[in-house]
Amino acid sequence: MGLKQGSFSFMQFAVEGNLPQAFHTFINTRIRENAFREARQTTEEKRMGWVSALDILDADFENANYALGDYLIFSLRVDRKVIAPRLLKLRLLEEQKRHLAETGKTRLGKQMNEAIKDKVRLDLLGRIDPVPTFYDVLWAIGAKRVYFSSLSDKVADDFMDLFKKTFSLGLKRILPQDHPSVSKHKSDNADADDDSGLIGREFLTWLWFKSEERGGRIPLENSREIELHLQKRIALEAGEGEYAQGVVCSGLHTDLPEGKEAIRLGKKVKETGLKLISDQNEWEFALKADTFYIQSLKMPAPVWQEEPEDPSGALLERIYLIEKAAGVINELFDGFLAVRYSAAWPREEKVRLAQWLKL
């Protein structure tokens, strides 16, 4: 599982609503009530519920093993029954032929054909075993933030529904255009451009520029500094939907003339690979501009050596590294917005960006 080992892909949510009184007792009751319960002999196409992230076979959460300090850690299990289209077609033809032979008819009416199709489909669903999928959930209670290990909007919708049903708390996706800092910085500058729909793409395009301006070194608040490099794959796009026009640049380095030419022609960075270095730690991941989904986060080598009797130390270290990487991106975005919606943007920053494009 990505939360425990290997790379970690995730989207982020803000938790809406106030935590109830006796929070841990409430969580203990509700998570067990909505735990996954297996039922193979059923015609349900989808069944879901919570299981332990540390032991996917444990849906009883013995000893409250979902709690770790200020975090709750568990997994969403989704079982799906999927009928292969060719199998459905074959069994449908067989049943149609059998029905015609029994009734002596030469053709089937529309209503009868639909009834036969439903019967065949339910029969197949009752026979096949479901395929389970697991998605890790990291809930930072104090920060009111949830990291969810899926990049699928459909899975995310199921997750949000079950989360609200279980905990009586809403979730809101953290998307660049809805980021609280966008409205804050725009309100500070009355002349700011109202169009923030592509602000994530503007941010990644700006990050490419900043990553080359000082050899990758970018200052943060409190005299801190990180190092950032774009690498491997940069996808640029202009327009939306059927009118979108894109170009993909690949290479070990970001000095890609075709990419800069694409920016000059109006395209912006839609997705890119990043190498982030901060406090002697190094991460690699892909960042999607329109959603801020982080894909395949490769974390620094662990310092804490996991012990079989106490695996929590290594897991807490991974959680720290996940939050650290996401936090730095958030700081960079906030810094970008402060410049983007300031009077200095057209006079200074935009001029430097144009000069960089000419190199």
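Using a cut-off of 15 Å between beta-carbons, work out the net charge of the residues near residue 323 (Lys and Arg +1, Asp and Glu -1, residue 323 not included). Mind dumping the intermediate values first?
Numbers: positive: 144, 145, 318, 324; negative: 70, 136, 279, 317, 331.
The answer is -1.
GNM remark for the chain: springs join alpha carbons under 10 Å apart, and the peak mean-square fluctuation among 110, 46, 172 falls on 110. When the Gaussian network model of the chain links Cα atoms closer than 10 Å, the mean-square fluctuations of 216, 104, 49 top out at 104. A simple count of charges around residue 53, restricted to other residues whose Cβ falls under 9 Å of its Cβ and scoring Lys, Arg +1 and Asp, Glu -1, yields -1.
Taking 0.36 nm per residue of separation and subtracting the Cα-Cα distance, what length does fully extending residue 45 through residue 317 add? Write down the numbers at each step before the final one.
Working: separation 272, 0.36 × 272 = 97.92 nm, distance 3.78 nm.
Computed gain between residue 45 and residue 317 is 94.1 nm.
Using 1/(1 + (r/R0)^6) with R0 = 56 angstrom and r between the beta carbons of residue 351 and residue 84, what's the FRET efficiency to the nearest 0.05? Efficiency at R0 = 56 Å is approximately 0.45. Note on residue 224 and residue 245: their simple-model spin labels are 4.1 nm apart, each label 7 Å out from Cα toward Cβ. For the residue pairs 46/268; 46/119; 184/260; 186/232; 154/184; 186/298, alpha carbon separations beyond 28 Å are given by 46/268; 184/260; 186/232; 154/184; 186/298.
Looking at this model, which pairs from 165/275; 117/288; 172/270 are more than 31 angstrom apart at the alpha-carbon?
Numbers: 165/275 38 Å; 117/288 41 Å; 172/270 22 Å.
Beyond 31 Å: 165/275; 117/288.
Here segment 58-80 is scanned for amide nitrogen atoms under 20 Å from the site 7 Å beyond the Cα of residue 295 along Cα-to-Cβ, giving none. Placing one equal scatterer on every Cα of the chain and applying the Debye formula, the log10 ratio I(q)/I(0) at q = 0.07, 0.14 Å⁻¹ is -0.43, -1.18. Distance between the modelled labels on residue 162 and residue 175, one decimal in nanometres: 2.3 nm (7 Å Cα→Cβ projection). Between residue 110 and residue 38, the modelled labels are 4.4 nm apart [label points 7 Å from Cα along Cα→Cβ].
Each value in this text was obtained by applying a stated rule to the coordinates, not by laboratory testing. Given the structure is predicted, the values throughout are model-derived calculations rather than measurements. Here Cβ is always computed from backbone atoms with ideal geometry, including for glycine, and neighbour counts include all displayed protein chains.
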